[in-house]
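Read the structure below first, then the notes.
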Amino acid sequence: MICTFALTTEPSTANDMTSIKVKFKPGRGAEHPGNIVYRISRYNRSRTITSGYRLYASEWNATASTPSAQIEPHRKQYIAETIEGIRLDMDTLRHIVDRLTGSSLPFSAEDVAAEFIRFSREYSLFAYMEKQIDTLRDRGKPRTAEIYRTTLNSFRRFRCDNDVRIYSITPDMLRHYEQSMRDNGITPNTSSFYMRVLRAVYNRAAEEGRFDNLHPFKNVYTGIDKTVKRAIPIPIISRIRSLPLSRHPKLDFARDMFMMSFFLRGMSFVDMAFLRKSDLAGGRVTYRRRKTGQQLTVGWTREMQAIVDKYPCNPTQYLLPIITRKDIDERQVYRNVSSAINSNLKKVAALVDSSQRLTMYCARHSWASAARAKGVPMSIISEGMGHDSEKTTRIYLASLDTSAIDSANTLIINSI
């Protein structure tokens, strides 16, 4: 890679030449890293800008104006990213000069530097994703905003909070990120999920930002693995339901919310948390799934009512005792309660000697598994859970009578 070069913007006199050179500015001593800077010169005037990359003096080859080949093993990854980042920065600077030259308006080294600084700030990954998160919240999409936040936090941890320009994301960087997640016990599906979010951010920025889409995600996994079955057998659910937990209110509450989800045909916890009192009318609960927007209706049973009666009346608009205050961030409370319940469900599982992992999501899998074991047709299970993947079944059935689904649910509840 050539890190020092002169870029001629138009074939004219020597004074019309724009040169961009990579320089190393040493730190205060050998133990302190120095800065890689870019010196932009035009019409005999220069402007120096900091790249953001930092190297030790021993890592810089002054003769070749490149990072040295003699580096410590633990610095190889960073040096490799630095070399690629410099190359991409030089490409960006070249595009800026080409664009300014094409405008036929006079410009200076200061103009080139200012445009590069603006571009770098606007398309730093951290700043860009923060902006996307704010936009999603403003558009009433808090769930998607949370997904972007979780992905950003994961990548920030990997980068040790060192920002990166979006166009500097490379296949090698992503492979190391993928390996880091694997080393930390992150499942392939979760790793793939984060990669897909980052890819969407990268593609959007590439469309907006006048930099080439180099498709750096092509060598990392972005598919969806078949998940391990999380269904809990009916006998274990019966034991969970019968546990005497009155002396352990936190475990009791976790068990009750698990059973409520199961009784409600595997309703997701987020839908349970935001289930309103007005959604219960005429012996039925009618709600829209937050994930898909699909409207579902569930027959209200005495088992469900018994759980509601067990707790003080919720002073908010919500039916279940999950969000119980009005002057709070409701989504934050939902997340906190969900985390606490899943933590306590691990203890509940231990009490029934179950080796299977117990979470709120297991209730959904368990209801479907129980229905299948009882001989309930797949079409009714699909309709009952609000799945939209049974497209052929839906087209054939059009709209299934909810009484058939209620009968299936009663059959399942009576079996535990």
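The values are calculated or read from the model by the stated rules, or taken from the named source; none is laboratory data. Bear in mind the structure is a predicted one, so any value in this text is a computation, not a measurement. Ideal geometry is used to build each Cβ from the backbone, glycine not excepted, and the neighbour counts take in all protein chains shown. Note: accessible area is taken over every heavy atom of the protein model, side chains too, but ligands, DNA and RNA are not part of it. Shrake-Rupley method; radii C 1.70, N 1.55, O 1.52, S 1.80 Å.
You will find that of Pro171, Pro142, the residue that is surrounded by fewer than 18 Cβ atoms within 10 Å (Cβ to Cβ) and at pLDDT below 90 is Pro142 and no other. Counting only helices (runs of 4 or more DSSP H) wholly contained in the stretch 341-410, the ones carrying 2 or more residues that are open to solvent by less than 60 Å² (accessible area, probe 1.4 Å) and modelled with pLDDT of 70 or more occupy 360-373, 378-385. Against the conditions (1) farther than 16 Å from Asn153 by Cβ; (2) within 14 Å of the chain's Cα centre (by Cα), Arg182 satisfies every one except (2).
Does Arg149 satisfy the condition of being open to solvent by 50 Å² or more (accessible area, probe 1.4 Å), closer than 25 Å to Tyr334 by Cβ, in contact (Cβ under 8 Å) with a residue 12 or more places away in the chain and under 11 Å from the mean Cα position of the chain (by Cα)? Here the answer is yes, as Arg149 does meet what is asked.
Looking for something over 25 Å from Arg149 (Cβ atoms), surrounded by fewer than 20 Cβ atoms within 10 Å (Cβ to Cβ) and not polar (S, T, N, Q) - is there at least one such residue anywhere in the stretch 262-277? Yes: the stretch 262-277 contains one or more residues that are over 25 Å from Arg149 (Cβ atoms), surrounded by fewer than 20 Cβ atoms within 10 Å (Cβ to Cβ) and not polar (S, T, N, Q). Counting only helices (runs of 4 or more DSSP H) that sit completely within the stretch 62-170, those holding 3 or more residues that are under 30 Å from Asn336 (Cβ atoms) correspond to 125-138, 142-158. Candidates are the residues of the stretch 278-295 that are of a type in the set (D, E, K, R) and either in contact with a strand residue (DSSP E or B) (Cβ under 9 Å, 6 or more places away or on another chain) or surrounded by 13 or more Cβ atoms within 10 Å (Cβ to Cβ) (or both); the one that is nearest to Ile328 (Cα to Cα) is Arg290. When you check Val298 against the structure, is it of a type in the set (Val, Ile, Thr), crowded, with 16+ Cβ neighbours inside 10 Å and under 22 Å from Gly282 (Cβ atoms), yes or no? Against the criterion (of a type in the set (Val, Ile, Thr), crowded, with 16+ Cβ neighbours inside 10 Å and under 22 Å from Gly282 (Cβ atoms)), Val298 qualifies.
Among residues of the stretch 30-51 that are of a type in the set (Ser, Thr, Tyr), those with a Cβ under 8 angstrom from a residue that is open to solvent by 90 Å² or more (accessible area, probe 1.4 Å) and part of a strand (DSSP E or B), sequence gap 6+ or separate chain, pair up as Ser46/Arg39; Thr48/Arg39. Kindly indicate whether Arg290 is part of a loop (DSSP other than H, G, I, E, B), farther than 16 Å from Ile413 by Cα and touching a helix residue (DSSP H, G or I) at 6+ places or on another chain (Cβ under 8 Å). Yes. Of all the residues in the stretch 262-287, those that are closer than 24 Å to Ala371 by Cα and part of a helix (DSSP H, G or I) number 6. When residues in the stretch 223-261 are screened for being surrounded by 16 or more Cβ atoms within 10 Å (Cβ to Cβ) and not in a helix (DSSP H, G or I), 5 of them pass.
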